[in-house]
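Just so it is clear, none of the values below were taken in a lab; they were calculated from the coordinates. None of these values were measured; they are calculated from a predicted model. We place every Cβ from the backbone using ideal geometry, glycine too, and count neighbours over all the protein chains shown.
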Protein chains: 4
Amino acid sequence: MLHVFPGDTIRTKTVDSAGLDEHQKPRVLPAGNPQTGPFYIEGAMPGDTLAVHFNKIQPNRDSATQYRDAIDPRALQARETSTRVSDWSHTWTLDRAKGIATPDQPSERLKNFSIKLEPMIGCVSVAPFWKQAISSSDLGPWGGNLDYNQIREGTTVYLPVYQAGALLTVGDGHALQGDGEITGQGLEVSMNVEFTVNVIQGEYLDQPWTEDATYIMVSGVDGSLTTAMQAATSGLAKWLTKRYGLNAAEVATVLANTVRYDIAEVVDPHVHVVAKVRKDSLQPISALK
Amino acid sequence: MLHVFPGDTIRTKTVDSAGLDEHQKPRVLPAGNPQTGPFYIEGAMPGDTLAVHFNKIQPNRDSATQYRDAIDPRALQARETSTRVSDWSHTWTLDRAKGIATPDQPSERLKNFSIKLEPMIGCVSVAPFWKQAISSSDLGPWGGNLDYNQIREGTTVYLPVYQAGALLTVGDGHALQGDGEITGQGLEVSMNVEFTVNVIQGEYLDQPWTEDATYIMVSGVDGSLTTAMQAATSGLAKWLTKRYGLNAAEVATVLANTVRYDIAEVVDPHVHVVAKVRKDSLQPISALK
Amino acid sequence: MLHVFPGDTIRTKTVDSAGLDEHQKPRVLPAGNPQTGPFYIEGAMPGDTLAVHFNKIQPNRDSATQYRDAIDPRALQARETSTRVSDWSHTWTLDRAKGIATPDQPSERLKNFSIKLEPMIGCVSVAPFWKQAISSSDLGPWGGNLDYNQIREGTTVYLPVYQAGALLTVGDGHALQGDGEITGQGLEVSMNVEFTVNVIQGEYLDQPWTEDATYIMVSGVDGSLTTAMQAATSGLAKWLTKRYGLNAAEVATVLANTVRYDIAEVVDPHVHVVAKVRKDSLQPISALK
Amino acid sequence: MLHVFPGDTIRTKTVDSAGLDEHQKPRVLPAGNPQTGPFYIEGAMPGDTLAVHFNKIQPNRDSATQYRDAIDPRALQARETSTRVSDWSHTWTLDRAKGIATPDQPSERLKNFSIKLEPMIGCVSVAPFWKQAISSSDLGPWGGNLDYNQIREGTTVYLPVYQAGALLTVGDGHALQGDGEITGQGLEVSMNVEFTVNVIQGEYLDQPWTEDATYIMVSGVDGSLTTAMQAATSGLAKWLTKRYGLNAAEVATVLANTVRYDIAEVVDPHVHVVAKVRKDSLQPISALK
């Protein structure tokens, strides 16, 4: 276990969700969304908040995979999704210079189809509460398999600390991913990752939240879209109260007119909805000291 | 009932959801999300698709209202939302020249708070199937109280036609609205509206869909977020199949990597989720003739 | 429209959900869950409660049908239900003397399979609020397609009155039906029905509730199982407060230890969950005068 | 860790969910639904099924507690449940001879209120898959905090075995509990428990199921009522196929007309719905050898 200090910047690699590295070699057995870490953050104590700022998230090979070829029946109605066709390859070529992904052996109709790369990290986690040991396929207040396509270069992820040292892990890089991860995978690829860790004392939101240049984004993770959306909205309300001292009526006024939602992921053991608000729309409100 | 022809452009007004016009005078009794119309579209027959293109959606007065002052308990967890504070006004001033809305008597913390206008139409409807008569607070395959903040100037709404003449109505303008309409209202205001109607024969998606310069957006309206998201995704899959002839595996490949979701509205009798895809990402695929 | 008086007992017939009568003759065109009525109840006014006590619910022919042969994909996970087999008949013989139903041309494995008759009425409705006209496939506070297998002989159904005369209709008899109506139908059959109507003034629960010799049962009708269960529980809580004057803590004490739930129906446009409590467990509590 | 053999009968005690034993003394620190065990079942291997038959479930003291005094906001609509009254005791006296529970300091209206004891075990668990360590507040395919009020004396619980020896634990006894455990607790009490364990080879349903003299009951545990009901129904369908060789159409015929659902629990980290069928209704079908 690598010990690092608040303020440290870590350069490391992640394998893909099948455990393959940048040379397509298996590095973990058995494979199953393996993570890099844990990193022990010196001084991080239960009740603190861990901040992980991603400086770089870069695919480190020229090929990605996308395993499933049908939309998950939990995401789509059954009658639309029963066909599962396997007559063409599931590997994609990543042109890292041009920043586009192209299916290797597309069908006739998709022969010109390509997509812009938007590399992201699917998993950022600390050790869960109550000394539980929970699979990296799952997600919760400790982060985990968040699969949120806005966790990119320049994003900071904030997680509650439950164990001394926080025990940070990262992994499950996607070259890009649609909302909801509705087929069960993004374009799965190994990554070069660089991130800076910090520890915030005396500030605590018992769920993950995220920040980039434009948005404050609070993650609601629960058993259904409804309860995940409620958790996200409640979390963003709590964040506004902590930062600006707003009461419930003021929160309602702000969010009614500014909130945006992302459906991050619907195919993992818990569902993930994000409530977000533009930072510039909050600028006229003076923050608490 | 006004009879209009395909290709006609209609200039009209809508009252706000309380039935007040541009002079704040009540025009409908009893008030309850009253609509303008119906318009009988000559030649529109069951099985056709009605296209309503909004050229103008412009507030026609300088004041909007937002009735509720707490987040709806169906949208937020109970413990965050029980406070309902009424110590300040619910009217907003709309500066139409500058394009911003400002609360009339804000609390101290929100004294500098203002928001950019993004005028939208909450209700676009045709007469429902089976000769039902359904309240304009509800929504369904016939459109209705969609409350989707992307139905703005430049947007085209497509609705299935169930009755001869379609019987189009519009109303429930909002000067702006956050995702989900989580307090139950946008900034409610009367509008000057201009729209052009067209009828498409032999094309039929049994749910509303919408198009602007950037996106194709398909509406899923159902009893819960889960089933509404399924309906939206299924509808977008069907749209791709109709337009491009894609099979299920091709649809999965396209949507897994490109789909975005909006949570349009969660406080009306049915929930509304939108699945959307950028038009430029579909451009490499050749449409069916 | 037949006018009847409070206290009157009505003997009538219902056709089955396909519109067939006791001679298997179609009586309604087009078929689609046709109802018997409406009955105008003299003196029933908006704000009153209509009580419909079923004295007799008896199949009036020897054959029932069950149309679908697979479990509805909304009720079951997709991978278990995709097979739809049609190689044997969907008619059942009702032995009314012995009180059992037997499939007419069963598969080898089900050749000895039979089920005890438990005749029920699927639809009991008044005219909805706001002068809406809503399909008899739907359900809501006005009753409608409740499909609750405990609405049998000896049961009283209570409905809010929204229009003068209430405009009662009944129909959609089932010789028997499992919980949830998970294949979309019970054993559909025409019925001889006898019921007594009464009007209760000054008592009003804005949702259907039901009573038999053993239970008080309150219906929650909403867009998902979660919200339907919440509506049923809230309704039963309100009922206890109206009848016994219990406060929230007393309601919680009683229901935590006594409530039972039935999943009445999950395949119609709204979902139906029932919260119920045994009358004998309430007996030690003195009712309000 | 106690090693036991298939066929062994174990007599043991469980503490209550707060960790108090039959003398109201704390036996576990910190308290949090502590369990008795684990028991290592000799010969139980991954892929087997563990059968736990409860011969005795008997409260071993005369006092039970019920902590919360309001219905959980996840179970009831917010506006009905915001009042939380604490002006009377949460302890109950258990008259074990007469078999009734009575609140110790009831309010005036509930002064004669008492309820019949129906002792049950809330938690029956094996070690989860993938060597996870998961809190005993949670539930899943491994059993756990099932909180199903039909797990009583005479009931057999079947669980999939994931680890050598199965690692059985039991706990969380309730003197009685309503459906759904809607206030978050039953009447919590320590128990004398006696159960017999057996291992079934070559039979595997990847979720808990239960059997008593009357019913076969399959547990669906998931993130929402909808998906839990789907999991329960799918599981019961699979059980019928394993035991009787029924195809999908035969399963649909049987379940459409016979299935009953129980809402076991809605307040723990996962929701629990049970699909059940009477054994006598299956008797005419010949089981596979």
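A few comments on the model shown:
- The orientation-averaged projected area of the convex hull spanned by the Cα atoms of the stretch D:103-218 comes to 8.8 nm².
- Per-residue HN-Hα couplings for the stretch A:15-22 [Karplus 6.51, -1.76, 1.60; θ = phi - 60°; Hz; x = Gly/Pro]: 7, 7, 5, 8, x, 8, 8, 5
- Low-density loop positions, trypsin sites (Lys or Arg not before Pro), the stretch C:195-257 - DSSP coil, at most 16 other Cβ in 10 Å: none
- To the nearest ten degrees, helix B:248-258 and the longest principal axis of the Cα atoms of chain B are 30 degrees apart.
- Crossing angle, helix D:225-244 versus chain D [Cα axis fit, 0-90 degrees, rounded to tens]: 40
- Cα-Cα over 31 Å, subset of A:Lys116/B:Lys242; C:Lys289/D:Lys116; C:Lys276/D:Lys289; C:Lys13/C:Lys276; A:Lys238/B:Lys25; A:Lys131/C:Lys276: C:Lys276/D:Lys289; A:Lys238/B:Lys25; A:Lys131/C:Lys276
- Per the Kirkwood formula applied to alpha carbons, the stretch C:156-220 shows a radius of gyration over Rh ratio, Rg over Rh, of 0.99.
- The string of couplings for the stretch C:190-199 from the Karplus curve (6.51, -1.76, 1.60, θ = phi - 60°) is 6, 9, 8, 10, 10, 9, 10, 9, 9, 10 Hz, one whole number per residue in order, with x for Gly and Pro.
- Residues with amide H under 5 Å from that of D:Lys13, placed H, sequence gap 5 or more: D:Val193
- Gyration tensor (alpha-carbon) shape descriptor, the stretch D:160-273, a/c threshold 1.5: oblate
- Other-copy label distances relative to B:Met45, 7 angstrom Cα-Cβ extension, nm: 5.0, 7.1, 7.9
- Overall form of the protein assembly as shown per C-alpha gyration tensor (a/c, 1.5; a/b vs b/c): rounded
- Its DSSP H runs of at least 4 residues, each contributing -39,500 (n - 2.57), put the calculated 222 nm mean residue ellipticity of chain C at -4000 deg cm²/dmol, to the nearest 500.
- Whether the stretch C:243-289 is rounded, prolate or oblate, judged on the alpha carbon gyration tensor where a/c under 1.5 counts as rounded: prolate
- Distances in nm from A:Thr91 to the matching label points in the other copies, shortest first (labels 7 Å along Cα to Cβ): 6.1, 6.9, 7.1
- Cut-off under 5 Å, modelled amide H: who pairs with B:Ala166 long-range: B:Ile41
- Charged neighbours of D:Tyr244, selected by a Cβ distance under 14 Å, balance to +4 (K, R count +1; D, E count -1).
- Taken about its Cα centre, the protein assembly as shown carries a charge dipole of about 0 debye when Lys and Arg each add +1 at the Cβ and Asp and Glu each add -1 at the Cβ.
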